[in-house]
Every structure is written in C-alpha cells, then in structure tokens.
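The structure under discussion appears below in the form of structure tokens.
Read-outs: derived from the displayed coordinates by stated rules, not from any lab. Since we're looking at a predicted model, the values are computed, not measured. Note that each Cβ is placed from the backbone with ideal geometry, even for glycine, and that neighbours are counted across all protein chains shown.
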Amino acid sequence: MRKLQRLAVVALTTVMALGSAGCVNSGSSSSSSKSTSSSTSNKHYKIGICQLVQHEALDAATKGFKAEVKKELGAKNVTFDEQNAQGDSSTASTICTNFASEKVDLILANATASLQAATAATKSIPILGTAVTNYQVALNLKKFNGTVGGNVSGTSDLAPLDKQEKMIKDFVPKAKKVGILYCSAEPNSKYQAKEVAKYAKKDGYKVTEYTFSDTNDVNSVTRQAASGSDVIYIPTDNTAASCAKTINNVALKAKVPIIAGEEGVMSKCGVATLSIDYYGLGKQTGKMAAEILSGKEKVAKMPVEYYTHPVKEYNPTICKELGIKVPAGYKAYKGS
C-alpha cells in the first residue's frame, strides 16, 4: 500500500508544491498498532461516518478507514454508524447533527460538504475529514499553517495540479482550447479549476470554465464543453464523479479527451489522471482516528495529511477508442 506522510503547509500557495514540501514521518503510528489495540481492548467506541455521496473514490476512502480502525482498535471494540447524504448538503447537516446528539466518539466526514456539516454540528467531538481537497477553502480559514486546530483534522486528496495540467500536452499535444468542467457548488472544485486554469493559460492554452450547479445540468453543460474544447479537464469533483457515465456518453461521442483529477472519474470517462489511492487515504485517516481515541494524540495538534506518491494512470479502453497514443511513464488502469 502506498504510504501517506504528513506535510506541514506554510501557506495556501505552497499547497501546490506538495512534491517538494517537507514531510513528517507517520511511522510511529504503525509501530504502535499492537499497543493501541491492547490498550483499548476494554473500551468500545462509536464512530459516525457521513459520506457525501456514493461513488468509487469516496467508497474506497470509507472502506480503508473502517479497515484500519478495526485493525488498530479491534473489530469488537468499535461500532460504525455509516450514513450517506446522497449528494445533499442539507442531509449531511442532519446526519452530523444526529451524530452530535448521540454523542458519538468521533466523526468521519467524507468529502468537503460533510466536513462543513460536521464542523457546524459540533465543536467538541473529534472530526476527521477525508477526501477533502483544501481545508482552508472548505472551512473558510483566514490563516492555515497545516493544522486546523480545535476538534478538526484529517487527510486531503489534493494531487499536484501543476503536474496534472502538464498531462494535457502528454495526451493531446495539438490541443489549443481547454475546457474545465466542474460543479460550481463545490468550493474545492472551484479552487482546483482556478489553479489548473492558471497553469494552462501560462502554457498558452485558451481556457474556458464550464460549470453545472447540480446533477440536472451535467448533460447540457458537458455538451457545451465538448463543442467548445479540444480537451476537457475535470478536477476532483463529487458531482462529476457521480455523473461520470453521463459525461462519458457526451465526450466520447464528440471525440473529446478528458484529463481527470482522480482515478474514479478517469476510470469511467477520462483518458488519464495523476491520482491518489483513496483506500490508502482512508487507511491513514483510520490510523489518525485510532491515535485520537486511544489518547495517543490530540486532534487539535494533528496536521492535515497529504498523499505524497500519486500515480500516472491511463484508461486503455478510452485511449484506444479515441486513437490516443499513450506516452511513456503511464500505468494502465486495471479496474477495482
């Protein structure tokens, strides 16, 4: 399993330089696995899980989280109350409010809207986010040095956006017009879109942003993007991920390649991605949860952790259908 390491982020602008940021080794958590389990063998914990929507990436993060918590604390010592908000932020708020009323021992907030709902619901119960791209943007923090503080920490799914933008030239070398497709209701998607647009404009591309507000607009907006672009970029976006097949039906018919921000979207509608392992991200979040519940760490002092070994992948099926020559250095996606 690919390893995660903690990065101390000095400021928001340095988030984009993940590859060169300093790392804090989390190996001590692994070495303390047995002692953590034994020290909590007589305790039982209830963890509330609020997952924003069902799709491959978030599902994998939840599975990884549960597997690691059970490994660290013992399967008999923990109960999970797993809830899915079906893509609705109001439902996520209701779920997290119920968790707070039930006084669960810890909340896993899977995706940005879930994290926002959880932080609004409680200031005392430990909250760990996962599959959250940018904590400063998500929580509207004026200052962020890598640690949120209070009762919040977690893991981020942000991959190096500058390197993702370079993939456009790798797969569509003759492209001149880049369309960026995302959900305007997701702040982290907007952040990624602006950053990638900045890099793309610097490289001489004409960039147009195409946004949908919910699932109802995905088909029509994708049609606009496909008709006005040589290549489309989709950031890590929960709405796009849940509608990836719809997007593929439009883009593939129009013969417009898609560069994706994560593996789940790439597997259904993209030609390539520079992606993280969401199951591994969930496992690292689970390790953090075990450290908090066992009393070994305080959530307020835990920095947000990032995935430091993203993998270049391509979709063999879509690349073949579009007649795209795959450059060296990319690994074929083999499915889940």
Discussion item. Can you work out the Karplus-derived ³J(HN,Hα) for every residue in the range 267-273? Use 6.51 cos²θ - 1.76 cosθ + 1.60 with θ = phi - 60°, whole Hz, and x for glycine or proline.
Written reply: 5, 10, 8, x, 8, 6, 7
Worksheet item: Here are some pairs, Lys103/Lys194; Lys63/Lys255; Lys201/Lys245; which of them have Cα atoms lying more than 32 Å apart in this structure?
Response: Lys103/Lys194; Lys63/Lys255
Worksheet item: For the range 138-152, what does the Karplus curve 6.51 cos²θ - 1.76 cosθ + 1.60, with θ = phi - 60°, yield as ³J(HN,Hα) per residue in whole Hz, taken in order and with x for Gly and Pro?
Response: 4, 9, 6, 7, 5, 10, 8, 10, x, 10, 6, x, x, 10, 10
Worksheet item: If the cut-off is a Cα-Cα distance under 16 Å, which aspartates and glutamates reach Lys174, setting aside same-chain residues fewer than 8 apart in sequence?
Response: Glu165, Asp203, Asp230
Worksheet item: Using the membrane-span-like helix rule (whole DSSP H runs, Cα extent along the own axis of at least 18 Å, mean Kyte-Doolittle hydropathy at least -1.0), which helices of the chain qualify?
Response: 56-73, 89-102, 278-293
Worksheet item: Where the only charges are on Cβ atoms (+1 Lys, Arg; -1 Asp, Glu), what is the dipole of the range 188-306 about its Cα centre, to the nearest 20 debye?
Response: 120 debye
Response to the item:
Quick calc, the range 161-249, dipole around Cα centre from Cβ unit charges on Lys, Arg (+) and Asp, Glu (-), nearest 20 debye, gives 420 debye
Fill in: Estimated dipole of the chain in Debye, rounded to 20 [Cβ of Lys and Arg +1, of Asp and Glu -1, Cα centre]
760 debye
Worksheet item: Under 16 Å from the Cα of Lys301, which lysines turn up, not counting those fewer than eight places away in the same chain?
Response: Lys123, Lys143, Lys287
Worksheet entry | Of Gly129, Ala75, Tyr278, farthest towards positive along the dipole that unit charges on Lys, Arg, Asp, Glu beta carbons give the chain | Tyr278
Practice prompt. Please go through the residue pairs Lys43/Lys296; Lys206/Lys334; Lys177/Lys202; Lys70/Lys312 and name each one whose alpha carbons sit more than 25 Å apart in this structure.
Written response: Lys206/Lys334; Lys70/Lys312
Worksheet item: For the chain, treating each Cα as an identical point scatterer without solvent, what Debye log10 I(q)/I(0) comes out at q = 0.11 1/Å?
Response: -0.67
